[in-house]
Amino acid sequence: MALLEVIALDARDALAAQKGGADRVELVADMAADGLSPSPATVAEVRAAVDLPVRVMIRLTDGFAPGDLVGLVRRTVELRSAGAEEFVLGFLTADGDVDRPAVTRVIEAIDGAPWTFHRAIDHCADRAALRAAVAGLPGLDGFLTAGAATGVDDGIATLIAEASGPQRILAGGGLRLDHLPRLSAAGIDAFHIGSAARPHGWDSPVSPAAVRAWRTAIDDQTLRVRSKTHR
């Protein structure tokens, strides 16, 4: 079945996501900055609380520059020591190109663990060039992307065009239920939600009922697509 990933800020969120039927959580802190690295203590708490895979954000400052690379690598090692086994990262230069040396240094620190290149791709100068530049890096198994910096509404055509690429597209960023038919029909089978899992806003925890609604809708849509394919 299709993958449903839910943003979690803590163990309570992760438990709610699991209860609602999520397949994976993306663990972050400080959504006012669009998601920074959580503390090692939070990683340990979440890993102890749920059986789901947990992708941990590696990002210390707002924006997409790596900032203090030494500090970033140090935090990465701390997160690994706290139990992090999967990661989310992505860095750009001032010109909007992928900062391959920074990305490479961090993935050396995660030592072969699976990782997602996050929505930095939606802010880069050349999406195709970025994808080509990181395609061979160890552990990369997908891109979290809305197709546009402004969200899925504006980027859905790009997502559909990229759906057949070598890495999995994890669609997210203003994703709504009404986007699912077009995305699923194009072959996209991985979906990422944040605010959609929190009907009462980011000051409230993840709602298991909201996650369940997405789980049901995604699975139903996947079955429809498969049914049409096998006719």
- Residue by residue through region 1-39, note down the ones that are open to solvent by less than 40 Å² (accessible area, probe 1.4 Å), more than 25 Å from ALA209 (Cβ to Cβ) and at pLDDT 95 or above. LEU36, SER37
- Query: What pairs come up if the first residue lies in region 187-213 and is closer than 19 Å to ALA171 by Cβ and touching a residue at least 40 places away in the same chain (Cβ under 8 Å), the second is of a type in the set (S, T, N, Q) and assigned to a loop (DSSP other than H, G, I, E, B), and their beta carbons are under 8 Å apart, counting only those six or more places apart or on different chains?
  - Reply: ALA197/SER207
- Task: Taking the options LEU140, LEU180, name whichever one is of a type in the set (A, V, I, L, M) and more than 30 Å from GLU108 (Cα to Cα).
- Result: LEU180
- Query: Scanning region 60-85 for residues that are of a type in the set (Ser, Thr, Tyr) and open to solvent by 60 Å² or more (accessible area, probe 1.4 Å), which turns out nearest to ALA41 (Cα to Cα)?
  - Reply: SER81
- Note on the structure: Okay, helices (runs of 4 or more DSSP H) sitting entirely in region 124-231 with 1 or more residues that are within 21 Å of GLY21 (Cα to Cα), open to solvent by less than 20 Å² (accessible area, probe 1.4 Å) and among the aliphatic types (A, V, I, L, M), I get 180-185, 208-229
- Task: Could you run through region 45-81 and say how many residues are charged (D, E, K, R) and closer than 15 Å to ALA8 by Cβ?
- Result: 4
- Task: Could you tell me whether any residue of region 105-119 is buried (at least 21 other Cβ atoms within 10 Å of the Cβ) and farther than 19 Å from LEU27 by Cβ?
- Result: no
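The values are calculated or read from the model by the stated rules, or taken from the named source; none is laboratory data. Just so it is clear, the model here is predicted, and its values are computed rather than measured. Note that we place each Cβ from the backbone using ideal geometry, even for glycine, and neighbour counts take in every protein chain shown. Please note that ligands, DNA and RNA were not included when accessible areas were found on the heavy atoms of the full protein model with its side chains. Shrake-Rupley method; radii C 1.70, N 1.55, O 1.52, S 1.80 Å.
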